[in-house]
Amino acid sequence: MKDSYTELAKMIDHALLHPTMTDAEAVAGCQMALDYGIATVCVKPYWVPRAAEILKGKDVLVSCVVGFPAGNSATEVKRYETEIACLAGAREIDMVINVAKALEGDWDYLENEIRVIAEQAHKQEAKLKVIFENDYLPSDSIKIKLCEISARAGADWVKTSTGFGYVKQANGQLLTNGATEHDLRLMRARSPAQVQVKASGGIRDLDGLILVRDLGCTRLGTSATQAILDEYKRRAADGGNPNSNTPIGAGGY
């Protein structure tokens, strides 16, 4: 097999972010993360201390969302959220940009926001992922500009989506595309080598994870971790090969 189980598992940030998730469900998610040997659990700010306690001394890190999911908090609030999360044990921060500022083209505001959060995270030996929420962005030019300013401001990753960026359709239905192949190719091509790319939203099977890797991404945010890695184990047991070029589809986090 081209991709080892460990290589693929260490690409996954397991999302424990649904608004209705109970403490018991989050504890179970952390235990699953340990059992499957993934990269991180991505949790809500109030849950960082508990996740850090469960994962202390283990090979699974805690990541925390900031300004989640809408990105509308003031920069100083996001900075403080980052500080508190890192003090509580978060080693990675997933911060949502101010989307309205991107739509307005207020690049100075956004570059300052990203820099402030990156400096706070790095000061506390954590890393920063910058969430664009691509479903809300109408053009590639905006995404390219965000890649450029994220790199200048010190981001460690650029990330497609929150998984909660629902857009109202003409029929009134709310839908999210999440990570698309087009956007992942664009973000990888327009980011310097030191800035990694994280896919998030809509990728819920092993073929999707393999394609994300083939596109040059190093992380996948998903709540379908167990199903993805169980499929790897099943194919391995059957003597199969997990590599695939199946297109990435749409769907929830």
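The values are calculated or read from the model by the stated rules, or taken from the named source; none is laboratory data. Quick caveat: nothing in here was measured; it's all calculated off a predicted structure. For neighbour counting, all protein chains shown are included, and Cβ atoms are generated from backbone atoms with ideal geometry for every residue, glycine included.
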Just for the stretch 131-179: of the residues that are touching a Gly at 6+ places or on another chain (Cβ under 6 Å) and at pLDDT below 95, which one is surrounded by the most Cβ atoms within 10 Å (Cβ to Cβ)? G178
Taking G251, is it surrounded by fewer than 20 Cβ atoms within 10 Å (Cβ to Cβ), within 20 Å of I38 (Cβ to Cβ) and modelled with pLDDT under 90? yes
Taking the condition of a type in the set (K, R) and closer than 15 Å to K78 by Cβ, does K143 pass? no
Specify which of the listed residues (D207, D214) is of a type in the set (D, E), touching a helix residue (DSSP H, G or I) at 6+ places or on another chain (Cβ under 9 Å) and modelled with pLDDT of 95 or more. D207
Does L146 satisfy the condition of being in contact with a helix residue (DSSP H, G or I) (Cβ under 9 Å, 6 or more places away or on another chain) and closer than 26 Å to T40 by Cβ? yes
For the stretch 123-132, does any single residue satisfy the condition of being assigned to a loop (DSSP other than H, G, I, E, B) and in contact with a Leu (Cβ under 9 Å, 6 or more places away or on another chain)? yes
For Q120, all conditions in the list (1) over 16 Å from the mean Cα position of the chain (by Cα); (2) modelled with pLDDT of 95 or more; (3) farther than 16 Å from P69 by Cα; (4) surrounded by fewer than 21 Cβ atoms within 10 Å (Cβ to Cβ) hold save one; what is the number of the exception? (4)
